Every structure is written in C-alpha cells, then in structure tokens.
Amino acid sequence: MNNWLRKILFVLVSVLTFGLVTPTQLINTVNAENLADRDAFEAPSTESTFGQTNTFIEDSKFDKEKFIGELIKQAELQSYQKFGTRIKPVIENEFREIILPNIEKALEEVAVQFPEEDLKNLTISEQPGAGLSEKIFNVNNRVFGKDILRFHVRRDNPPQAGYWFNFHYHTYHDQFQSHHELGSIYWAKNTPPKWMS
C-alpha cells in the first residue's frame, strides 16, 4: 500500500472511530493479513501445534514419549521465564538437579492417567505469574478448558533459616487442595527479588 494512502487511511479511521481504533492496531491488522497471505503460498507442514504451546506433533502418528518430552521442555522454559534474569542464575543448577526431575515424574504420572486421545489435548499455559504470584504453569485440557495440574513455587521464610523456594503442584483430583512436594531450594538470608524481574 502506498505510504500516502496509508496515512490517509489512518487519519480516516481515527476520525471515524473517535480514536477508539488506533493506527497501531490497524498496522497490526494489515501486517497479520500480509503474513496470512504469505503463509498461504508456503507448502503445508505435516506438523500441527497443540494447545497454546510451541510444541509440535505429527497428526498421523502420536508419539507419547515425544509428547511428554515436549511438555517437559515447555515446563522448563516456563520455569526459567518465571525466575527472570535475577533469580535464574542463582538457582538454575539446583532447579535442574532437584526440581525438574520431579516435575518430569509428575507429568509422566498424569500421562499414564489419560488415554491417548485425551493426552493430545493437554497443554501448558503460556504465562507464569509475576511479582509475588506462586504460579509457574498449569497443565490443562484445552477441549474442556479445565486445569489438570497447577505447578507453583512459594517463598518460605522460616525463622532464622533465610528464604527458600518451595516447589509443589496441585491436582484436580482433590480440587487443588493438597500440596504435592517437588522440593525446595535455598535462596539466601536477604529477600529475593520479585518473579520475572
């Protein structure tokens, strides 16, 4: 689209919508349409995404082990995103050694409970909780829109013991009431920064 025509269009849209639709929103819409047009000419892929994650599964053949492996990768990425740049370097090694294997066990235990058709519908939420929120990620069934597991990390400060990060998860079996321990990692005597900082 010509530059002058685009400018006229932006002004007209802004005036006609009383500023409710901004030119930036219009640019994003135009760019999305251009990407869709471009993607229409590309060869179709044999892979499709599941849920909200960036994990891929072949439609023709479902590999349970590969699926669980992808869930674990997404869980690790979500955890590091939650830790942020200030917490991650301090606890990353202990997280990999202590907590991640326990997350893997929990995901494998859930995978055993579901038939293959239902297992394909499990997804990992995309946004961990920031600030003081406990949420790392949730595993949910995208068809029903209900959580199956909720993985959390809580800051504990026992008297005279400094700060600890307590990793645990909750299941839908008891309406997310019980804590299933994954492990704890020591931070320091000083207060840890907020999540995702």
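The values are calculated or read from the model by the stated rules, or taken from the named source; none is laboratory data. All figures in this text were calculated on a predicted structure; none of them were measured in a lab. What goes into the accessible areas is simple: the full protein's heavy atoms, side chains included, and nothing from ligands, DNA or RNA. Shrake-Rupley method; radii C 1.70, N 1.55, O 1.52, S 1.80 Å.
In table form, for the structure just shown:
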{"quantity": "Estimated vicinal HN-Hα couplings, Hz - region 78-95 in sequence order (Karplus 6.51, -1.76, 1.60; Gly, Pro = x)", "calculated": "5, 5, 5, 5, 5, 5, x, 7, 8, 8, 3, x, 7, 10, 4, 5, 5, 4"}
{"quantity": "5 angstrom amide H check on E126, placed H, neighbours 5+ away", "calculated": "none"}
{"quantity": "Heavy-atom accessible area per residue - region 148-197, 1.4 Å, Å²", "calculated": "52 Å²"}
{"quantity": "Karplus 3J(HN,Hα) series, Hz, for region 106-111 with 6.51 cos²θ - 1.76 cosθ + 1.60 (x for Gly, Pro)", "calculated": "5, 5, 5, 4, 5, 4"}
{"quantity": "Solvent-accessible area, 1.4 Å probe, carbon plus sulfur percent, for region 101-145", "calculated": "49 percent"}
